[in-house]
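J.: Sending over a structure as structure tokens; questions will come in a sec.
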Amino acid sequence: MDESTWDRSRCSIAGALSVVGEKWSLLVLREAFLGVRRFADFHRTLGAPRAVLTDRLGTLVEQGLLTRVPYQAEGERQRHEYRLTAKGRDLYPTLIALMAWGDTYLADEGRAPLVLQHRECGAPVRVELVCAAGHRVEGARDVRPVPQSRPA
């Protein structure tokens, strides 16, 4: 690839990291995928400082990954819960890929702390790279980066 033709200022990885590249943001998303919706539950499971959690939830809402939905328990004031949007749900394969990497290289004695199973058949879930023609891509050496031309 001719590196001079690729505008790194428009890098999608850098853009994505500007939205979710902070530890607490990814952990909030993990919890949301595990079904956590309420601030108190995020706080209890994550142990994040309240100010940090408030900031991260606000950013994820602002970026359109979560949406705030009001709820009110009987006899209590109205509160909000946080639900994944389609944009947020689209990050699921990314989190599963990070989890798989951690399971491979960081898990104690090679034993994953959590296994994901397909609800329908019970088989373990994994992330795979495939090309549009359906061929499995084993790694970076099987890929050729091609800069896209800028729109006029």
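J.: Inspect segment 90-101 for any residue being under 17 Å from the mean Cα position of the chain (by Cα) and assigned to a loop (DSSP other than H, G, I, E, B) and give the result as yes or no. Walk me through it before giving the result.
T.: Residues of segment 90-101 that are under 17 Å from the mean Cα position of the chain (by Cα), as a first pass: 90-101.
Okay, now just the ones that are also assigned to a loop (DSSP other than H, G, I, E, B), so 90-91.
Yes: one or more hits.
J.: Provide a single number: the residues in segment 72-96 that are hydroxyl-bearing (S, T, Y) and more than 15 Å from G35 (Cβ to Cβ). Give the steps one after another, and end with the answer.
T.: Taking segment 72-96 and keeping what is hydroxyl-bearing (S, T, Y), we get 82, 85, 92, 94.
Of the ones still in play, those that are also more than 15 Å from G35 (Cβ to Cβ) are 85, 94.
Number of matching residues: 2.
J.: When you go through (1) at pLDDT 95 or above; (2) under 18 Å from A97 (Cβ atoms); (3) hydrophobic (A, V, I, L, M, F, W, C) one by one for L60, which number turns out not to apply?
T.: The failed condition is (2).
J.: Ok, one more. Among what's in segment 1-30 and is β-branched (V, I, T) and closer than 23 Å to S149 by Cα, pick the residue that is modelled with the lowest pLDDT. Reasoning before the result, please.
T.: Taking segment 1-30 and keeping what is β-branched (V, I, T), we get 5, 13, 19-20, 28.
Then drop every residue that is not closer than 23 Å to S149 by Cα, which leaves 5, 13.
Details: T5: 65, I13: 89.
By that ranking, first place goes to T5.
J.: Looking at A123 and the list (1) among the small types (G, A, S); (2) closer than 19 Å to G21 by Cα; (3) touching a strand residue (DSSP E or B) at 6+ places or on another chain (Cβ under 9 Å), which single condition is not satisfied?
T.: Status for A123: all satisfied but (2).
J.: Would you confirm, using the coordinates I've provided, whether D90 is surrounded by fewer than 13 Cβ atoms within 10 Å (Cβ to Cβ) and touching a residue at least 24 places away in the same chain (Cβ under 8 Å)? Spell out how you get there, then give the answer.
T.: Values: surrounded by fewer than 13 Cβ atoms within 10 Å (Cβ to Cβ): yes; touching a residue at least 24 places away in the same chain (Cβ under 8 Å): no.
So D90 does not fit the description; no.
J.: Can I ask one more? Quick one: is E62 more than 30 Å from R141 (Cα to Cα) and either among the charged types (D, E, K, R) or touching a residue at least 60 places away in the same chain (Cβ under 8 Å) (or both)? Let's see the steps before the verdict.
T.: Details: more than 30 Å from R141 (Cα to Cα): yes; either among the charged types (D, E, K, R) or touching a residue at least 60 places away in the same chain (Cβ under 8 Å) (or both): yes.
Yes, satisfied.
The values are calculated or read from the model by the stated rules, or taken from the named source; none is laboratory data. Just so we're clear, the structure is a prediction, and the values are computed from it rather than from any experiment. Note: ideal-geometry Cβ built from the backbone for every residue, glycine included; neighbour counts use all protein chains shown.
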